[in-house]
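The values are calculated or read from the model by the stated rules, or taken from the named source; none is laboratory data. Keep in mind it's a predicted model, so treat the numbers as computed, not measured. In this analysis, Cβ positions are derived from the backbone assuming ideal geometry, glycine residues included, and neighbour counts consider all displayed protein chains.
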Amino acid sequence: MHPTRRHQSYLAAMAHRVSGALLALFLPVHFLLLGSALDGPEALDHYLRLADNPFVKFAEWGLVSLLGIHLALGLRVLLLELTPWPHRTEKLSTWILPSALFALGLGLLFIYRSTS
């Protein structure tokens, strides 16, 4: 592997892109399911029964975590593009770990709230 591909900024950029692509694939399906709930109480009950499936709960946790990753790393990209700091790339590299921890914390909060 090329040395620059192991750099944390490269990995953060790839995580931001991959999370965005996965969200782009997942959200239309999610909105279709939510839209089907507008067809009446039976459709809503069916959707809610589906949402109780452990696999679906795990997928929802993944979605919340992807949103957290995409949000935190997106803010990092905005700062990279909009700030005139010298050596801003090195300074903003320190944002990568807190961004990952933010996403993990958001996912754990979601799990805690959905199980209580």
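Residue 67 fails exactly one of the following numbered conditions: (1) in contact (Cβ under 8 Å) with a residue 40 or more places away in the chain; (2) in contact with a Gly (Cβ under 8 Å, 6 or more places away or on another chain). What is the number of that condition?
The number of the failed condition is (2).
Name the residues in segment 24-57 that are modelled with pLDDT under 85 and of a type in the set (Asp, Glu), would you?
39, 45, 52
Whether any residue in segment 72-89 is assigned to a helix (DSSP H, G or I), in contact with a His (Cβ under 6 Å, 6 or more places away or on another chain) and either among the aliphatic types (A, V, I, L, M) or on the phi > 0 side of the Ramachandran plot (or both) is what I want to check. Before you say what the answer is, go through the steps one by one.
First, pick out the residues of segment 72-89 that are assigned to a helix (DSSP H, G or I): 72-82, 88-89.
Those still in the list that are in contact with a His (Cβ under 6 Å, 6 or more places away or on another chain) too: 73.
Going one step further and asking which of them are either among the aliphatic types (A, V, I, L, M) or on the phi > 0 side of the Ramachandran plot (or both), we end up with 73.
Yes, there is a match, as at least one residue in segment 72-89 is assigned to a helix (DSSP H, G or I), in contact with a His (Cβ under 6 Å, 6 or more places away or on another chain) and either among the aliphatic types (A, V, I, L, M) or on the phi > 0 side of the Ramachandran plot (or both).
Could you list all residues from segment 7-58 that are among the small types (Gly, Ala, Ser), surrounded by 14 or more Cβ atoms within 10 Å (Cβ to Cβ) and under 15 Å from the mean Cα position of the chain (by Cα)?
Within segment 7-58, 12, 13, 15, 19, 20 meet the criteria.
Kindly list, by first and then second residue, each pair from a residue in segment 98-116 that is farther than 15 Å from residue 67 by Cβ to a residue that is not charged (D, E, K, R), limited to pairs with Cβ atoms under 8 Å and residues at least 6 apart or on different chains.
Here the result reads 98/72, each pair linking segment 98-116 to a residue that is not charged (D, E, K, R).
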